[in-house]
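Everything below concerns the one structure shown next.
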């Protein structure tokens, strides 16, 4: 087994530590788990600095969605600090003009006082449509968004919009890398993960069946199992 090190877990947009609850509970025998707080920074660079300041010289790194964007920015800035990398339900490229315009629209609505977190209408983008009746799951998703709140939502959207593309960063990643996604991820589709896996030499691609964007809470068992294999090396 690899050396036991801290594991930095980076959450996505409108997510908090609940996103990683299953993994923290079941991976703590292998790594010292720490969940980042991305509620005060308004750039990917600032988020990276907060992670680097909290972590020791070497650590494991896993990010989901926005957390994956931050993880790739960190790999571009300080790759020597990372022992192993996991990219979950995320992508390497920056936003398209259409995606940026959509985010600006959401920011404008929130600034007008119409921030509603993750509404039932938006839930199918975050989880598999067949899980919409899973009250325990939907309560976790909506509860995270309520706790993160409007101000952090605005900062996080700005950070996502202004992030740079890391398609060129991928080829330089040499640490053991897990790439995982839900097969029905509507926000960062499987094709994005296949492209990352093709670009990172020796990486492992894991596809979780019947699963949407928030794989760590939607299908926690196969996700945690894949992460255990990744940590064991």
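Derivation of every value follows stated rules applied to the coordinates shown; laboratory data play no part. What you are looking at is a predicted structure, and each value in this text was computed from that prediction instead of being measured. Cβ placement follows ideal geometry from the backbone for every residue including glycine, while neighbour counts extend to all protein chains displayed.
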Task: For segment 8-46 versus segment 133-151, the gap between their alpha-carbon centres in whole angstrom - done: 16 Å
Task: Förster radius 25 Å - calculated FRET efficiency between residue 97 and residue 40 (Cβ-Cβ, nearest 0.05) - done: 0.35
Task: Stokes-Einstein D in µm²/s, Kirkwood radius over Cα pairs - segment 147-212 at 37 °C with 0.692 mPa s viscosity - done: 239 µm²/s
TODO: Place a label point 7 angstrom from the Cα of residue 3 along the Cα-to-Cβ direction, then list the residues of segment 49-64 whose backbone nitrogen is under 20 Å away.
DONE: 52-62
Task: Net length gained if the chain between residue 228 and residue 186 were fully extended (0.36 nm per residue, minus Cα distance) - done: 12.6 nm
TODO: Could you work out how far helix 66-77 tilts from the main Cα principal axis of the chain, as a 0 to 90 degree angle to the nearest 10?
DONE: 40 degrees
TODO: With everything on Cα atoms, drop me the angle between helix 97-111 and the longest principal axis of the chain, reported from 0 to 90° to the nearest 10.
DONE: 60 degrees
TODO: Could you check the simple spin-label distance between residue 133 and residue 221, using points 7 Å along Cα→Cβ, in nm with one decimal?
DONE: 2.0 nm
Open item on the list: Taking every pair of distinct Cα atoms and averaging 1/r, then inverting, what Kirkwood hydrodynamic radius in Å comes out for the chain?
Closed with: 17.5 Å
Task: Cα-based shape type of segment 57-96, given that a ≥ b ≥ c are square roots of the gyration tensor eigenvalues and the cut on a/c is 1.5 - done: oblate
TODO: Using just the alpha carbons, could you tell me how many Å³ per residue the convex hull of segment 1-98 encloses?
DONE: 103 Å³
Task: Cα Rg, Dmax, segment 33-166, angstrom units - done: 15.6, 44
- [ ] For segment 121-231, count the residues as N, evaluate 2.2 N^0.38 Å, and divide the Cα radius of gyration by that value, please.
- [x] 1.17
Task: Computed helical MRE - 222 nm, the chain, DSSP H runs ≥ 4 contributing -39500 (n - 2.57), nearest 500 - done: -13500 deg cm²/dmol
